[in-house]
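Take a look at the structure below.
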Amino acid sequence: MKLRIGYELDYDFPQPTPVILMLHVHFSRVSDLAAPDQMRITPAVPVSAYRDGFGNWCTRLLAPQGRMRITADAVIEDSGLPEAFDRSVGQVAVENLPEECIVFLLPSRFCDSDQLLDLAWQLFGHTPPGGARVQAICDFVHQRIAFNYNDASVGRTASDAYREGRGVCRDYAHLAVAFCRAMNIPARYCTCYLSDIGTPEPYPPGDFAASFEAYLEGGWQIFDPRNNSPRIGRVLIARGRDAADVAIATTFGPNTLTGFKVWTDEIRGEA
């Protein structure tokens with residue numbers, strides 16, 4: 001099937017402000033794009049681009065004083081099938097991990113796994129190592145955190161989310177990632193488009209979604225503690241240690257986000 005994906009972000013800048021954007025579809029899904037996710041900026045400004053240390057595509061610009069709109073509208077091919085999970089796979093011993101996985105074992109800004117080490121082993125030390133253990137972590141986090149958009153906090157760490165028991169999708173992902181790392185399972189934070197196809201209507205307003213990938217036997221595998229069930233139409237944007245690495249917009253000065261729209265919609269009538 002085909003999905004229409006895109007966003008419309010409106011900002012008000014009181015002064016010229018440097019901005020880094022991370023909004024393009026991840027390179028691993030670029031070949032699925034039926035129409036490019038070309039970024040349009042109004043008013044037009046010069047932009048440059050680079051790959052960060054995790055391979056994500058970043059856009060740099062200097063936003064002028066006043067209002068600015070950043071938008072894209074693309075079409076991407078998708079299998080239309082629910083995500084396939086293999087929870088029977090085993091865990092890879094630390095000494096056998098590829099070197100590129102090691103950074104995803106370490107504590108990070110929002111995934112303070114060192115603060116959750118004893119708790120993680122108390123909660124999950126009895127579970128079978130591997131996919132079953134990661135799923136047990138997701139089940140726990142799914143029940144532990146109550147979702148509410150009004151509970152979003154840019155400074156909440158994984159240990160904060162555990163204590164408070166509330167948050168948004170990034171908090172679910174941060175807590176699950178931190179627990180995995182405490183259990184010696186490499187885990188990396190992901191930001192994505194995520195459709196509501198196959199879920200009960202009415203659908204909520206569109207948004208970007210946080211999930212994570214754990215490195216197990218056979219490679220990286222996707223997990224989603226917020227929804228905790230296979231979904232249709234997840235499109236990866238970026239990966240990193242936590243949300244600080246994959247912010248959709250990093251601004252170096254005061255600004256106000258005055259408008260925010262995201263869509264991941266099936267194009268009906270097409271295979």
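Each value in this text was obtained by applying a stated rule to the coordinates, not by laboratory testing. None of the values given here were measured: they were computed from a predicted structure. When we count neighbours, we look across all protein chains shown, and the Cβ atoms used for this are built from the backbone with ideal geometry, even at glycine.
Values as computed for the structure displayed
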item: Span-rule helices in the chain, defined as complete DSSP H runs reaching 18 Å or more along the axis (Cα) with Kyte mean at least -0.5; result: 131-144, 169-182
item: Dipole in debye (nearest 20) - the chain, about Cα centre, beta carbon charges: Lys, Arg +1; Asp, Glu -1; result: 420 debye
item: Over the chain: Rg over Rh, Cα atoms, Kirkwood Rh; result: 0.97
item: Per residue Cα convex hull volume in Å³ - calculated over segment 139-258; result: 127 Å³
item: Fewest-first sequence of PHE179, PHE212, PHE124 by Cβ atoms within 10 Å of each Cβ; result: PHE124, PHE212, PHE179
item: Alpha carbon centroid spacing (whole Å) that separates segment 20-64 from segment 230-258; result: 12 Å
item: log10 of Debye I(q)/I(0), alpha-carbon scatterers only, for segment 10-166 at 0.09, 0.18, 0.20 Å⁻¹; result: -0.51, -1.28, -1.30
